[in-house]
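What follows is a single structure, written as structure tokens, with notes after it.
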């Protein structure tokens, strides 16, 4: 009879929950560890920031998931290290021994050493980030109403977004629609046509992973929506009321959003392993650590090359890695061996705005309404929780028909936000 093993999974992101689902009910003890008691659907976090969705609709209780997974329990703890020799995960609530360990702690924003940018910019990695940014955007318009100086009034309505990947593109499109279709009605005393949404990209293209025709469509669509797209441009400095470009140009702006890169979570640096680009850890082809076949590294923390290039730090990669790690552990216990991990790219997509998106999948390219519909359906499918799917769908239907976003709430005054957040203008 096989011995019951304890399998500890660190991080309840896309990879961690897939690993847990693959292992649950297979006769082992599964211990889930995360500093948050929920799984966050990060791809829709920008819609919380742009008043489209309530934050609760894109998060799901880990304990609610664990109830459905036999032999699974959850620890609300911050992981501070791993003792590989003793096979223990060290947390702020004590140590947790393991027989197998799956590390999927995810990533954090990479500001590339720009300390002023880190101090004065917003990002979207945590659930609270979405609410904080929404508060800031709405407060900026409230302040603009009472601002007598025309130049400062316009700066309050200027939003600089750095990074031309999916997050930057989707946030820019959603923000300009919020301004033109919703806030223009909420603030009739403001000339919202003077509001600026500036998207800054360091290379000569948006959505670099997409085919050229889709990149071109995205650029034209954003510009037709009044988004100012600056290609071959970099932000090098920032302050409370300005953003400084690489050529010395200064954009008066009270809001800077950073989506120009990510790096491995700080936990990676504590493991005593060689760091690869972005602070990631390079596992063996079967996702285990060298000399530690009982430890798997998955998701954004894992640096794995395939066909001559590193796999991207995206949710689809993390999900496939999580499923693989779960199956590999079961195979080891059954005395068999899994083939090396291989990522199967099912395509990529990004929404630009109402009725507009781009998608590349199954060797075909989609754009416009069809791509937008596919984007909606896939995001609803991957959301966890029936209630969340219904709430998100109803919000989208409401916005589609009435051009209204219901979550235009300032839940914290700006002075409190400034005193309690580490970044943001």
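For the chain, what are Rg and Dmax over the alpha carbons, in angstrom?
When restricted to Cα atoms, the chain yields Rg and Dmax of 22.3, 78 Å.
Among 237-243, 89-95, 54-60, 129-135, how do they line up from the highest to the lowest mean number of other beta-carbon atoms within 10 Å? The partial results should precede the final answer.
Values: 237-243: 18.4, 89-95: 14.7, 54-60: 20.3, 129-135: 23.6.
So the order, starting with the most tightly packed, is 129-135, 54-60, 237-243, 89-95.
Can you give me the angle between helix 127-145 and the longest principal axis of the chain, using Cα atoms only, in degrees from 0 to 90, rounded to the nearest 10?
10 degrees
Under the classification rounded if a/c is under 1.5, otherwise prolate if a/b is larger than b/c and oblate if not, where does region 148-190 fall, given a ≥ b ≥ c as square roots of the Cα gyration tensor eigenvalues? The partial results should precede the final answer.
Working: a/c = 5.87, a/b = 1.54, b/c = 3.80.
Because a/c hits 1.5 or more and a/b fails to exceed b/c, region 148-190 counts as oblate.
So what are the three principal axis dimensions of region 159-225 from its Cα atoms, in whole Å, longest to shortest?
Computed over region 159-225, the largest-to-smallest principal extents equal 42, 19, 16 Å.
When the label point is put 7 Å from the Cα of residue 232 along its Cα-to-beta-carbon vector, which residues of region 202-219 have a backbone N closer than 11 Å?
From region 202-219, the list is 203-205.
Order 368-381, 299-312 from most to least packed using the mean count of other Cβ atoms within 10 Å. Provide the component values of the computation, followed by the final result.
Numbers: 368-381: 15.9, 299-312: 18.3.
The densest-packed peptide leads the list: 299-312, 368-381.
At 1.306 mPa s and 10 °C, plugging the Kirkwood radius over alpha-carbon pairs of region 197-261 into Stokes-Einstein gives what diffusion coefficient in µm²/s?
Values: Rh = 12.7 Å.
Calculated translational D: 125 µm²/s.
Estimate the FRET efficiency between residue 382 and residue 216 by the formula 1/(1 + (r/R0)^6), using the beta-carbon distance for r and 30 Å for R0, to the nearest 0.05. All intermediate terms of the calculation are to be shown ahead of the outcome.
On the way: r = 28 Å, r/R0 = 0.93.
Efficiency computed from Cβ-Cβ geometry: 0.60.
What is the Å³ per residue value for the convex hull set by the Cα atoms of region 11-64? Display every interim value, and only then the final one.
On the way: hull volume 4.2 nm³, N = 54.
Dividing the Cα hull volume of region 11-64 by its residue count gives 78 Å³.
Given bins 10 angstrom wide, list per bin the percent of all Cα-Cα distances in region 62-167, short to long.
Answer for region 62-167: a P(r) of 10, 25, 25, 20, 12, 6, 1 percent.
So if we plug the beta-carbon distance of residue 37 and residue 67 into 1/(1 + (r/R0)^6) with R0 = 22 Å, what FRET efficiency do we get, rounded to 0.05? Mind dumping the intermediate values first?
Values: r = 13 Å, r/R0 = 0.59.
The pair residue 37/residue 67 has a calculated efficiency of 0.95.
Once the Cα atoms of region 140-275 are picked out, what are the Rg and Dmax in Å?
When restricted to Cα atoms, region 140-275 yields Rg and Dmax of 17.0, 58 Å.
Using alpha carbons only, how many degrees (0 to 90, rounded to 10) separate the axis of helix 315-333 from the longest principal axis of the chain?
That helix lies at roughly 10 degrees to the long axis.
Can you bin every Cα-Cα distance in region 349-398 into 10 Å intervals starting at zero and give me the percent of pairs per bin, rounded to whole numbers?
27, 49, 23, 2
What list of whole percents do you get for P(r) of region 293-353, with Cα-Cα distances grouped in 10 Å bins up to the one holding the largest distance?
For region 293-353, the pair-distance distribution reads 20, 47, 25, 7, 2, 0.
Measuring from label point to label point, each 7 Å out along Cα→Cβ, what is the residue 193 to residue 4 span in nm?
In this crude spin-label approximation the distance works out to 7.0 nm.
Over all alpha-carbon pairs in region 227-286, figure out the percentage whose distance exceeds 20 Å.
49 percent
Evaluate the distance, in nm, between pseudo-label points positioned 7 Å from the Cα of residue 209 and of residue 337 along their respective Cα→Cβ axes.
Using points 7 Å along Cα→Cβ, the separation is 3.1 nm.
What does the C-alpha gyration tensor say about the overall shape of region 302-400? Classify as rounded when a/c is under 1.5, otherwise prolate if a/b is larger than b/c, or oblate.
Values: a/c = 3.36, a/b = 1.70, b/c = 1.97.
In terms of gyration-tensor shape, oblate.
Please report, in cubic angstrom per residue, the volume enclosed by the convex hull of the alpha-carbon atoms of region 1-146.
Working: hull volume 19.5 nm³, N = 146.
About 134 Å³ per residue, rounded to a whole number.
Full-extension gain between residue 76 and residue 269, please, as 0.36 nm times their residue separation minus the C-alpha to C-alpha distance. Let's see the in-between values first.
On the way: separation 193, 0.36 × 193 = 69.48 nm, distance 2.14 nm.
Answer, rounded to one decimal: 67.3 nm.
Compute the angle between helix 386-402 and the longest alpha-carbon principal axis of the chain, please, reported from 0 to 90 degrees and rounded to the nearest 10.
20 degrees
Taking every pair of distinct Cα atoms and averaging 1/r, then inverting, what Kirkwood hydrodynamic radius in Å comes out for region 119-199?
Numbers: mean 1/r = 0.0753 Å⁻¹.
Roughly 13.3 Å, rounded to one decimal.
Starting from the 7 Å offset along Cα-to-Cβ, what nm value, one decimal, do you get for the label separation of residue 224 and residue 373?
My value for the distance between the label points is 1.9 nm.
From the convex hull of the Cα coordinates of region 191-343, what is the mean projected area in square nanometres?
Numbers: hull surface 51.1 nm².
Reported value for the Cα convex hull: 12.8 nm².
FYI, it's all coordinate maths here, none of it is from the lab. All values derive from a computational prediction rather than experimental measurement. Ideal geometry is used to build each Cβ from the backbone, glycine not excepted, and the neighbour counts take in all protein chains shown.
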